[in-house]
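Heads up, the thing below is written out as structure tokens.
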């Protein structure tokens, strides 16, 4: 037993020093090289700080709506509902979201509503919507803000981010950045 105990104790001490000292310092140093120096990417507008990589709730009719969140946009509790697509409670939630959208956008047919406006992402914190999800909301926003829809389509085009590396994934729009730019329109 003594023959195994001493080496085990040494190994424990080495790992303790390595993972609580060196490794922690190495991760901290790498974070200092990242955008935001390990504090996340922030965006400051009108004296308020935002985190553009974390979804936020935009539900006012004069803004582009965000993707729904299963966790109430709480970054501390990231996660999905974990309900399957045939679960009656899940289907009722999606139906309620469709009905809410149609109430606020009466000229839209249910088949025109992109799925990302009525289903939550796996993390519940997706900051992006599809280009179609932005375009389907244009008439409501143009009417409430007394803007020409062409101006909003131009804003959508300028806010569209290409797929990662040009071909991985779909085009997307960061809702926070889009709504901040929307507030700047005259």
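The values are calculated or read from the model by the stated rules, or taken from the named source; none is laboratory data. Computed from a predicted structure; not experimentally measured. Reconstructed Cβ throughout: ideal geometry from the backbone, glycine too, with neighbour counts over all protein chains shown.
With respect to (1) in a loop (DSSP other than H, G, I, E, B); (2) touching a residue at least 24 places away in the same chain (Cβ under 8 Å); (3) surrounded by 12 or more Cβ atoms within 10 Å (Cβ to Cβ), the lone exception for residue 107 is condition (3). On inspection, residue 118 does not qualify as surrounded by 14 or more Cβ atoms within 10 Å (Cβ to Cβ) and over 30 Å from residue 49 (Cα atoms). Tell me, yes or no, whether region 82-98 has at least one residue that is assigned by TED's automatic domain parsing to the domain that holds residue 125, in contact (Cβ under 8 Å) with a residue 40 or more places away in the chain, within 30 Å of residue 149 (Cβ to Cβ) and not in a loop (DSSP other than H, G, I, E, B). Scanning region 82-98 turns up no residue that is assigned by TED's automatic domain parsing to the domain that holds residue 125, in contact (Cβ under 8 Å) with a residue 40 or more places away in the chain, within 30 Å of residue 149 (Cβ to Cβ) and not in a loop (DSSP other than H, G, I, E, B). Looking at this structure, is residue 73 under 30 Å from residue 147 (Cβ atoms) and in contact with a strand residue (DSSP E or B) (Cβ under 7 Å, 6 or more places away or on another chain)? Against the criterion (under 30 Å from residue 147 (Cβ atoms) and in contact with a strand residue (DSSP E or B) (Cβ under 7 Å, 6 or more places away or on another chain)), residue 73 does not qualify.
Once region 42-64 is narrowed to residues that are modelled with pLDDT of 85 or more and in contact with a strand residue (DSSP E or B) (Cβ under 8 Å, 6 or more places away or on another chain), the residue that is surrounded by the most Cβ atoms within 10 Å (Cβ to Cβ) is 64.
Checked across region 32-41, the condition of being surrounded by fewer than 17 Cβ atoms within 10 Å (Cβ to Cβ) and part of a helix (DSSP H, G or I) holds for at least one residue. Annotation: of all residues in region 110-130 being assigned to a helix (DSSP H, G or I) and more than 13 Å from the chain's Cα centre (by Cα), the one that is nearest to residue 94 (Cα to Cα) is 115. The set of residues in region 131-173 being crowded, with 19+ Cβ neighbours inside 10 Å and not in a helix (DSSP H, G or I) consists of 136, 137, 172, 173.
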